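The values are calculated or read from the model by the stated rules, or taken from the named source; none is laboratory data. All values reported here derive from a predicted model rather than from experimental measurement. Because the Cβ atoms are built from the backbone with ideal geometry, glycine has one as well, and the counts that use them run over all protein chains shown.
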Amino acid sequence: MRKKLLIIILVSIIGLFFLWVGFLWKIFSCDIAGSFPCVETWNLNIKEGDLIEIIKEIKKEHPELEPPNVSSPTSGRHEYWYDVDFYYADTKEDVQAWTRPCSDSSMTTLAFVAIFSHFDSLTPVNEIKSDRREINRDFGYFENRREIGKFRNRILKLIEQKIAEPHTAKKLIIPPDSSVNGNEKNIVTSIAGDSSYVVLSDIDSSSIRVEAVDYLKIGDLSADEIKEVSRIFDQCLKEHKRELHPSVRNRRQYVPYLNSKGERKVWVNCFCDSEHPYWRKRKVMVKDGGACYFNFKINLGTKKYYDLRINGVG
């Protein structure tokens, strides 16, 4: 009897110990503050715009990762975060993730947020479940580790493989009939691996805000000039970080031109999101929009920017 009692006490102590460890783990696995205190994150050596393009490529190559039969977008900008949903076909679960630029603009945080049962336009109403579970908060320790490992093997590994692929320069010629009025011949130049910008050449000078004495007759920018424009762009963001939205680095249009003195200049047009599917073919101009939309000019000779214009809020 006494031996049996000791065994019960010992088992109880061990059980309480593991409960206490689990309680402490849930406390310390989450940050104290923030909109997403419990997410599992990885800092990736890639700009956010490029990471978003990679995720889109992965979903095209692996359609099983795209949530099926949904009527709303499975990705998109939400304030400072770019939300992305993936899909586990074997368990019929949606996986919530997001990306956000790091303080170092060349890096991006990828976050694994939560898992929930998939439902779509074909799901009967009585079968829709409200069982969203956040990683590092709503799972037990071992189940939590399994879910993180599953995300790492099925999604993160594909992203890291894409990031590791060698970058090669590419040039796309856009047909004239893809422009707004048929009169613009846009030559689009980009660097594979950095899809956050595009170089637009030979655009009608009346379509952008240039000085009266300036006119367009430059072809493409060289690789060195593109690097210089990107450096000056980062400088502009740093010097105006309180005024500009942190996601403005996602999309940029570079329009090269000359002034009457033969000085090489670039008009830089910036916006946060990819809601403009034509952005690689013609300029993006919107009214209002706030700090997500701004533009400025660069003098490549003096290596300085000027005439910063930030959209107002409608």
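Conditions tested, residue by residue: (1) of a type in the set (Val, Ile, Thr); (2) modelled with pLDDT under 90; (3) farther than 30 Å from residue 233 by Cα.
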{"position": "86", "(1), (2), (3)": "no, no, yes"}
{"position": "89", "(1), (2), (3)": "no, no, yes"}
{"position": "108", "(1), (2), (3)": "yes, no, no"}
{"position": "117", "(1), (2), (3)": "no, no, yes"}
{"position": "147", "(1), (2), (3)": "no, no, yes"}
{"position": "151", "(1), (2), (3)": "no, no, yes"}
{"position": "163", "(1), (2), (3)": "yes, yes, no"}
Pick from segment 278-311, criterion in a loop (DSSP other than H, G, I, E, B) and aromatic (Phe, Trp, Tyr), ranking: modelled with the highest pLDDT: 293
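Matching residues to (1) part of a loop (DSSP other than H, G, I, E, B); (2) farther than 30 Å from residue 289 by Cα:
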{"site": "71", "(1), (2)": "yes, no"}
{"site": "83", "(1), (2)": "no, no"}
{"site": "97", "(1), (2)": "no, no"}
{"site": "105", "(1), (2)": "yes, no"}
{"site": "110", "(1), (2)": "no, no"}
{"site": "115", "(1), (2)": "no, yes"}
{"site": "146", "(1), (2)": "no, yes"}
{"site": "150", "(1), (2)": "no, yes"}
{"site": "154", "(1), (2)": "no, yes"}
Residue check, residue 91 polar (S, T, N, Q) and under 19 Å from residue 158 (Cα atoms): no
Check on residue 90, over 23 Å from residue 244 (Cβ atoms), in contact (Cβ under 8 Å) with a residue 40 or more places away in the chain and part of a loop (DSSP other than H, G, I, E, B): no
